[in-house]
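Student: There's a structure below that I have some questions on.
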Amino acid sequence: MRFVFKTSYVQDLGLFRDEVQRNWYVALLGGLLVLPLLVPTYLVDVSLVLIYGLAGLSLMVLAGYTGLVSLGHAAFLGIGAYAHVYFTQNLGLPWVVAVGLAAATTAVAGVLVGLPALRMTGVYLTIATLAFALIIQEIFVQWERVTGGLKGKAVDRPVIFGVPFSTDVAFYFLCVAVLMGGLWLTTNVLRSPTGRAWVAIRDSEIAAQSLGVNLAAYKTLAFAYSAALMGIAGALFAHKVGFLAPDIFSVLLSIQFLLMVVVGGLGSLHGAIFGAVFVAMLPVAISQARDSLPVWFGAAAGVFGKGAGDAVYLGVERLVKQPGLEPGIFGLILVLFILFEPLGIYGRWLKLRIFFSTFPLYKRATFKRQKAYMRSERLR
Amino acid sequence: MTAGGPSRYKRRTPQRERNHSLDIVLQLILNGLAVGCIYGLVALGFVLIYKATELVNFAQGDLLMLGAFVCYMFVVWYGVGYWVAFALAIAAVGLFGAALDATVLRRVIGQPQFAVVMLTIGLGAMFRSAASMTWGSEIYTLPTPFSARTSRVGGVSVSHEYVSIIVGTVLLCAILYAFFTYTRVGVAMQAASQNQLAAYYMGIPVKRMFSLIWAISAGVAAIAGVLLAPVSLIDINLGFIGLKAFAAAVLGGFGSIPGALVGGLTIGLIELGAGAYLPHGFKDVAAYVVLLAVLAVRPQGMFGTIGRKKV
């Protein structure tokens, strides 16, 4: 285990703990830069991972750090996407200005949701955001002048300062840059007094209030910040899908964002990124498995004769080609994570790291969950 | 459907026209009440579980879907009579609910509410997936003794399906009320939901009570599903009615049983009214607009009782 011996306050101000950690992140950045050479065919999927990462960051600030669970974040993504496309294509604004305005529009929407949400807690807030999202989705359908309604709206490739980002590789680097910017900003916001106030609200509203945290202001700020990040993600998302239709921004997408945050690990920015990788890559993995699993199992059973191999091949193929398998697998993974690893992938990663760094001395009790009794939420 | 529009009956007198529009309003109210009863029943399921265990069950709508499918399976595949199939569906889904509590949900009591919400969303997705594998993703109709029969009462044509929903709901509420007030088990359940620890001390088997509450709640969902089946068609997305029922439960104040029913009826009436009198597109969102408006004024819903903790 490495211990950092701190000799000056500058070390506390630094973004990384020590040189080793910084070098790992530099290596990760290097990996991202050469990725287009390694997986040219999957680059579009990787861009989606990065956009989902930004979305996960947004929901992580709200749900993971402030403790306000929103089931309506797909609506913010939609507002960002439609606003961005409207500003660039209908009004002809420059790309950077349009993204800024889209983020501002979404932030205003976030404040509008946040204001009545201030007095609500728990499930009331979740349902209120859900209701908001459903209303917004209907507005996307009806407001045809701006959104194109059910016919949808085609989106051009981004052109920034006169430079067209027309290839997949260029768009990938754009996503990398925006995600890095978002991560840098969020990391810094979270270790500022604002971020600490959010965490305090999450852990106990009453304690935070007694310590002088203005609940209304900080909750609204959390909504605005989260929504603005989502608006930027929405702008990129619009370019990624290339065609906006209202049914993209459904409740299911909101649930997918929540899944991302939970599976990644609540209360950590790493978790948002892990979750994004997981959620965006799982459909790709499932469709791969659909093609290859029957072949593998068939070949394995083929050891016992050709008849057995063919039978197993057909059986497995019938099983994996079932319609509706994918949401079931998503659900199963979600259930398993909540039951057995509430800290998500990031929690598992922490355990693994501590296991290796303290190798012969690792004890399971370090992460043992305390026995929990029913804590009433009727009183707050 | 608006009354007094450009009509072919030009020679109708104003008096008769008013009667005619009154009939339409009555018709709307009847249908709205029936739809509201379904929302109310599903919301009742949420509230029962929430009051007892403080778990928010997002899979309630999917239990409703399972109930409808099980009944359909018994009636159409195995040729069982409607009423027997109804009872079998309630029993099957009720047992399933109890098993769900005993195996999965008991483990998450005491964890943050958010974790439970996500868990039940995951379970709901699994149920939908399993249903589409078992019964296929087609759309089915359930033949019932009430199907496609109407009576005329005054000028209002009363569809038996809608009446069956309303009568079923009223009966069920009466039975549940009697059960929770007059039986030993019902009172024990109330005790367990009011104070878990004190109930343990009094010798009430709290875990078994919770499983029983899950069974009742799942059974209520199954009843709602079977009653809804003739009005709406059966498919794997039937469970999304749970979202509206959630709005109903929150509107009434989560944790209040009369609130759940009143919330359900309110949402049903608003929805049908908006569908008839407001421009296209309002039908689906009117309920949510009202929900947001009510929550902005009363954050704990109409009958809610969330107090602030005094330190």
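Student: Of A:Y172, A:Y25, A:Y65, which has the largest mean-square fluctuation in a 10 Å C-alpha GNM of chain A?
Tutor: Looking only at A:Y172, A:Y25, A:Y65, the largest GNM fluctuation is found for A:Y25.
Student: In whole Hz and in residue order, list the ³J(HN,Hα) couplings for the range A:235-240 that follow from phi through the Karplus curve 6.51 cos²θ - 1.76 cosθ + 1.60, θ = phi - 60°; x for Gly and Pro.
Tutor: 4, 5, 4, 4, 5, 5
Student: I'd like to compare A:330-341, A:248-259, A:357-368, B:199-210: which one has the highest average count of other Cβ atoms within 10 Å, and what's the full order after that? Present the calculation step by step, with values, prior to reporting the outcome.
Tutor: Numbers: A:330-341: 19.2, A:248-259: 21.1, A:357-368: 9.3, B:199-210: 15.8.
Descending packing order for the listed peptides: A:248-259, A:330-341, B:199-210, A:357-368.
Student: Report the FRET efficiency, 1/(1 + (r/R0)^6), for A:K363 and A:R145, where r is their Cβ-Cβ distance and R0 is 51 Å, rounded to 0.05. Kindly include the intermediate steps, with their values, before the conclusion.
Tutor: On the way: r = 64 Å, r/R0 = 1.25.
Step by step, r from the Cβ atoms, then E = 0.20.
Student: Sort B:H280, A:H239, B:H160 by Cβ crowding within 10 Å, fewest neighbours at the top.
Tutor: Numbers: B:H280 8, A:H239 22, B:H160 17.
So the ranking, lowest neighbour count to highest, is B:H280, B:H160, A:H239.
Student: Could I ask something else about it? If neighbour count is taken as other Cβ atoms inside 10 Å, put B:V170, B:V297, A:V279, B:V25 in order from fewest to most. The partial results should precede the final answer.
Tutor: Details: B:V170 12, B:V297 9, A:V279 23, B:V25 15.
Fewest-to-most Cβ neighbours within 10 Å comes out as B:V297, B:V170, B:V25, A:V279.
Student: For chain A, what does the helix formula give at 222 nm: sum of -39500 (n - 2.57) over DSSP H segments with n ≥ 4, over the residue count, nearest 500 deg cm²/dmol? Don't skip to the answer; put the middle values down first.
Tutor: Working: 16 runs with 262 residues, N = 380.
Per the formula, -23000 deg cm²/dmol.
Student: Looking at chain A, what % of the alpha carbon pairs are farther apart than 30 Å? Spell out each step's value before the answer.
Tutor: Working: 33713 of 72010 pairs.
I get 47 percent for the Cα pairs in chain A exceeding 30 Å.
Student: Could I ask something else about it? When you have a sec, figure out the Kirkwood radius of the range A:284-360 from all distinct Cα pair distances and drop it here in Å to one decimal? Before the final figure, lay out each step's value.
Tutor: Working: mean 1/r = 0.0658 Å⁻¹.
The Cα-based Kirkwood calculation yields 15.2 Å.
Student: Here is a further query. If you wrap a convex hull around the alpha carbons of the protein assembly as shown, what volume per residue comes out, as a whole number of Å³? Before the final figure, lay out each step's value.
Tutor: On the way: hull volume 153.6 nm³, N = 691.
Cα convex hull per residue, to the nearest whole number: 222 Å³.
Student: Could you grab the relative contact order for chain A? Cα pairs under 8 Å, six or more apart, rounded to a whole percent.
Tutor: Details: 483 pairs, mean separation 95.7, N = 380.
RCO, chain A: 25 percent.
Student: Shielding by partners for A:257-269, please: the mean number of other protein chain Cβ atoms within 10 Å of each residue's Cβ.
Tutor: Values: counts 0, 4, 4, 0, 2, 7, 1, 0, 0, 4, 0, 0, 0.
Partner-chain Cβ atoms within 10 Å, mean over residues of A:257-269: 2.
Student: Compute the Cα gyration tensor for the range A:43-265, then decide on rounded, prolate or oblate, letting a ≥ b ≥ c be the square roots of its eigenvalues: rounded whenever a/c is under 1.5, prolate when a/b is larger than b/c in the other cases, and oblate in all that remain.
Tutor: On the way: a/c = 1.96, a/b = 1.50, b/c = 1.30.
It comes out prolate by the Cα gyration axes.
Student: Other chains' Cβ within 10 Å of B:279-286 residues: what's the mean?
Tutor: Numbers: counts 1, 2, 4, 2, 1, 5, 9, 2.
Counting other chains' Cβ atoms within 10 Å and averaging over B:279-286 gives 3.
Student: Between A:R353 and A:V303, how many nm apart are label points set 7 Å from Cα along the C-beta direction?
Tutor: Going from the A:R353 label point to the A:V303 one covers 4.0 nm.
Student: Another question about this same structure. Convert 25 °C to kelvin, take the viscosity as 0.890 mPa s, use the Kirkwood radius over C-alpha pairs of chain B as Rh, and evaluate the Stokes-Einstein diffusion coefficient in µm²/s, rounded to a whole number.
Tutor: Working: Rh = 20.6 Å.
In µm²/s, the coefficient is 119.
Student: Ordered by residue, what ³J(HN,Hα) values in Hz, to whole numbers, does the range B:72-83 give under the Karplus form 6.51 cos²θ - 1.76 cosθ + 1.60, where θ = phi - 60° and Gly and Pro are x?
Tutor: 4, 4, 5, 5, 8, 7, 9, x, 7, x, 4, 5
Student: For the range A:30-41, in order, what is each residue's ³J(HN,Hα) by Karplus, 6.51 cos²θ - 1.76 cosθ + 1.60 with θ = phi - 60°, in whole Hz (x at glycine and Pro)?
Tutor: x, x, 5, 6, 8, 4, x, 6, 7, 10, x, 6
Student: For chain B, with a Gaussian network of springs between Cα atoms less than 10 Å apart, report the residue from B:R128, B:R184, B:R106 with the top mean-square fluctuation.
Tutor: Comparing B:R128, B:R184, B:R106 in a Gaussian network model of chain B, the most mobile one is B:R184.
Student: In addition: How crowded by other chains is B:127-133, given as the mean number of beta carbons from other chains within 10 Å of each beta carbon?
Tutor: Details: counts 2, 4, 11, 3, 2, 6, 6.
Across the residues of B:127-133, the mean count of other-chain Cβ atoms within 10 Å is 5.
Student: Under the rule of at least 5 residues apart or a separate chain, name every residue whose amide H is placed under 5 Å from the amide H of B:F303.
Tutor: Amide H neighbours of B:F303: B:G253.
Student: Dividing the convex hull volume of the alpha carbon atoms of the range B:181-311 by its residue count, what do you get in Å³ per residue?
Tutor: Numbers: hull volume 19.8 nm³, N = 131.
It is 151 Å³ per residue.
Student: Let me ask another. Are there any trypsin sites (Lys or Arg not before Pro) in the range A:248-325 that are in a DSSP loop and have at most 13 other Cβ atoms within 10 Å? List them by number. Spell out each step's value before the answer.
Tutor: Working: sites: A:R290, A:K306, A:R318, A:K321; in loops: A:K321.
Answer in residue order: A:K321.
Student: For a protection proxy built on the mean count of beta-carbon atoms within 10 angstrom, sort B:243-250, A:292-299, A:262-269 highest first, please.
Tutor: Working: B:243-250: 28.1, A:292-299: 15.1, A:262-269: 24.8.
Order by mean packing, descending: B:243-250, A:262-269, A:292-299.
Student: For the range A:72-131, taking Cα atoms only, what is the radius of gyration to one decimal and the Dmax to the nearest whole Å?
Tutor: Rg then Dmax for the range A:72-131, in Å: 13.7, 42.
Student: While we're here: So the label point goes 7 Å from the Cα of A:A217 along Cα→C-beta, right? Which residues of the range A:176-207 then have their backbone N under 16 Å from it?
Tutor: The answer is A:192-201, whose backbone nitrogens lie closer than 16 Å to the label point.
Student: Go ahead and run the numbers for FRET between B:L171 and A:R191, Cβ-Cβ distance against an R0 of 51 Å, rounding to 0.05.
Tutor: Numbers: r = 59 Å, r/R0 = 1.17.
Rounded to the nearest 0.05, the efficiency is 0.30.
Student: Using Cα-Cα distances under 8 Å and only pairs 6 or more residues apart, what relative contact order does chain B have, in percent?
Tutor: Relative contact order of chain B: 34 percent.
Student: Pairs of Cα atoms under 8 Å, at least six residues apart: use those to get the relative contact order of the range B:161-311, whole percent.
Tutor: Working: 111 pairs, mean separation 25.7, N = 151.
Contact order relative to length: 17 percent.
Student: Same structure again: Between B:D235, B:D101, B:D284, find the one with the highest GNM mean-square fluctuation for chain B; connect C-alpha pairs within less than 10 Å.
Tutor: Of B:D235, B:D101, B:D284, the Gaussian network model singles out B:D284 as fluctuating most.
Student: Separation between the B:S232 and A:L332 pseudo-spin-labels, each 7 Å from Cα along Cα→Cβ, expressed in nm?
Tutor: According to this spin-label approximation, the distance is 2.8 nm.
Since every read-out is calculated from the coordinates, none of them should be taken as a lab result. All of these numbers come straight from a predicted model, not from anything done at the bench. Please note: Cβ atoms are built from the backbone with ideal geometry, for glycine as well, and neighbour counts cover all protein chains shown.
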